[in-house]
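Here's the structure we're looking at; comments come further down.
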Amino acid sequence: MSRRLAALNFVLQVAVKPRLARTRGPEQAAREFERSAALFLRRPPYLRRLERPRGLHWISAGPCRVRKVILYLHGGGYITGSGLTHQGVMGRLSKLSGIEVCAPDYPLAQDAPAPAAFDAACAAWRHCRALGYAPGDILLAGDSAGGGLALALLARCCASGEPPAAAVAFSPWTDLAMTGASLRDNAKADPFLPVGRMEELVQIVLGDLPADDPRISPLFATFPGCPPVMIQYARTEILADDARRMAERLRDAGGRVEIVVHPNAPHAWPVFDGWIPEARHSLRQAARFLQDSLDDTNR
C-alpha cells in the first residue's frame with residue numbers, strides 16, 4: 001500500500017465516512033458530492049467533454065480509435081453523480097485506452113426510482129447503435145452503482161443477442177437485496193461506506209421494484225453468450241461479496257471473467273486517479289483489458 005493510499009484511507013475513515021453517515025437525505029448528498037467532485041476528482045490534461053442531445057456526455061483526453069466507444073455509467077449510489085462529476089475517471093480511462101467515452105446522465109433515484117436509471121442506460125445503448133456503432137464496437141464500464149448498472153445493461157444486451165465487446169466494473173453494486181456477508185463482516189474495515197445507511201438507500205433506489213429485479217440487481221440476471229468481463233474490487237469494502245458473487249455468476253454463464261482484488265483500497269478507488277498510484281494502475285489494467293477484448297472481437 002502506498003503512503004498516498006494510506007493517507008486517503010485515513011481521511012475517508014475519519015472525515016468522509018462519518019459525514020456520509022450523517023447526511024440528511026439524497027438531495028443533500030447530491031449537492032455535497034457535486035461540490036466535492038469539482039475539488040477532489042481530478043481530470044487528466046487536455047480533457048474534452050461535449051454535451052450532446054439525449055443527456056449524453058462524450059469525453060476524451062487524446063487521440064481515440066475511430067468508431068469505437070466505451071459506454072460508461074457513473075457511480076454515486078444512484079442518488080449522486082453525473083457525467084460531469086465523473087469526467088475525470090472517464091477521461092483518464094479514455095486516454096489510457098485510446099477510446100472515446102459516452103456517458104449518460106441517468107435519472108437519480110430521488111427524482112425517478114428504479115428502473116429509470118436502467119431505462120436510461122438502455123436508451124444510451126440504443127442511441128450508440130443508432131449512430132452506427134455495432135455491438136462489437138461498444139464496451140461497457142462503470143463504477144459502484146454504475147458498475148452494477150453496466151452489468152444490468154450487459155444482461156439485457158446478452159438476452160437480446162447483441163452483446164458488447166466487453167465490460168469492466170469497478171466495485172460494482174450488484175445486489176440490492178443485501179444478501180452479501182461482507183455488508184456485515186466488513187462494516188468496520190471499509191474506510192468509506194457506512195453500512196448503517198444502506199437499507200435506507202436501497203428503499204430510495206428501489207421504489208416499488210423488487211430488490212432482486214435484474215434491472216437493478218444484476219446478480220440475479222442471466223447472461224447468455226457473455227463477453228469478457230473484468231471486475232475490480234477491494235477485499236475490505238462492504239460490497240466485496242457483490243463483486244465476488246457477480247464474477248461467479250458470470251463464469252457460470254460461460255463468460256471469461258478477470259478479477260482484480262486489492263487488499264485494502266477504498267470502494268471504487270479508480271475515481272481517485274491523480275491522488276493515489278493504485279488508481280492509475282487499476283485504470284491501466286482496465287484499459288488494456290478493453291483494448292485486448294476489442295481487438296479479439298474485431299479480429
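Brief remarks follow.
- Those residues of the range 210-244 which are in a loop (DSSP other than H, G, I, E, B), open to solvent by less than 10 Å² (accessible area, probe 1.4 Å) and among the charged types (D, E, K, R), in sequence order: 237
- Those residues of the range 181-190 which are open to solvent by 10 Å² or more (accessible area, probe 1.4 Å), touching a residue at least 40 places away in the same chain (Cβ under 8 Å) and in a loop (DSSP other than H, G, I, E, B), in sequence order: 181, 186, 187, 189
- Unique match (being modelled with pLDDT under 95, surrounded by fewer than 16 Cβ atoms within 10 Å (Cβ to Cβ) and at positive phi) among 207, 161: 207
- Qualifying helices (runs of 4 or more DSSP H) (wholly inside the range 1-48; at least 3 residues being among the hydrophobic types (A, V, I, L, M, F, W, C) and at negative phi): 3-11, 26-40
- Check on residue 140, open to solvent by 30 Å² or more (accessible area, probe 1.4 Å) and closer than 30 Å to residue 281 by Cα: no
- Screening the candidates 103, 141 for the property of being within 25 Å of residue 212 (Cβ to Cβ) and touching a Phe, Trp or Tyr at 6+ places or on another chain (Cβ under 9 Å) yields one hit, 141.
- Residue count for the range 126-137 satisfying the condition of being out of contact with any Asp or Glu (no Cβ under 9 Å at 6 or more places or on another chain) and hydrophobic (A, V, I, L, M, F, W, C): 2.
- Scanning the range 279-299 for residues that are hydroxyl-bearing (Ser, Thr, Tyr) and within 18 Å of residue 136 (Cβ to Cβ) returns 293, 297.
Conditions tested, residue by residue: (1) over 30 Å from residue 296 (Cβ atoms); (2) of a type in the set (Asp, Glu).
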| site | (1), (2) |
| --- | --- |
| 95 | no, no |
| 119 | yes, yes |
| 163 | no, no |
| 175 | no, yes |
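- Long-range neighbours under 9 Å by Cβ, at least six apart or interchain, first residue closer than 14 Å to residue 201 by Cβ and open to solvent by 60 Å² or more (accessible area, probe 1.4 Å) within the range 12-24, second of a type in the set (A, V, I, L, M) and not in a helix (DSSP H, G or I): 20/193
- Search result, residues across the range 70-88 that are hydrophobic (A, V, I, L, M, F, W, C), open to solvent by 10 Å² or more (accessible area, probe 1.4 Å) and in contact (Cβ under 8 Å) with a residue 60 or more places away in the chain: 79
- Residue match in the range 144-152 (condition: more than 8 Å from the chain's Cα centre (by Cα) and either open to solvent by less than 10 Å² (accessible area, probe 1.4 Å) or hydrophobic (A, V, I, L, M, F, W, C) (or both)): yes
- Look at the range 282-299: where a residue is under 12 Å from residue 227 (Cβ atoms) and touching a residue at least 40 places away in the same chain (Cβ under 8 Å) and a partner is part of a helix (DSSP H, G or I) and small (Gly, Ala, Ser), sitting 6+ places away or on another chain with Cβ atoms under 6 Å, you get 290/97; 297/136.
- Lone qualifier among 132, 98 - being more than 25 Å from residue 247 (Cα to Cα) and open to solvent by 40 Å² or more (accessible area, probe 1.4 Å): 132
For (1) assigned to a loop (DSSP other than H, G, I, E, B); (2) surrounded by 18 or more Cβ atoms within 10 Å (Cβ to Cβ); (3) modelled with pLDDT under 95; (4) under 16 Å from the mean Cα position of the chain (by Cα), each residue gets a yes or a no:
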residue: 259; (1), (2), (3), (4): no, no, no, yes
residue: 265; (1), (2), (3), (4): yes, yes, no, yes
residue: 271; (1), (2), (3), (4): no, yes, no, yes
residue: 281; (1), (2), (3), (4): no, no, no, no
residue: 286; (1), (2), (3), (4): no, yes, no, yes
residue: 289; (1), (2), (3), (4): no, yes, no, yes
residue: 293; (1), (2), (3), (4): no, yes, no, no
residue: 296; (1), (2), (3), (4): no, no, yes, no
residue: 299; (1), (2), (3), (4): yes, no, yes, no
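- Residues (among the aliphatic types (A, V, I, L, M), touching a residue at least 12 places away in the same chain (Cβ under 8 Å) and either crowded, with 24+ Cβ neighbours inside 10 Å or more than 27 Å from residue 27 (Cβ to Cβ) (or both)) located in the range 48-69: 59, 61, 69
The values are calculated or read from the model by the stated rules, or taken from the named source; none is laboratory data. Just so it is clear, the model here is predicted, and its values are computed rather than measured. Glycine gets a Cβ as well: all are built from the backbone with ideal geometry, and neighbour counts include every protein chain shown. All accessible areas refer to the heavy atoms of the entire protein, side chains included, with ligands and DNA or RNA removed. Shrake-Rupley method; radii C 1.70, N 1.55, O 1.52, S 1.80 Å.
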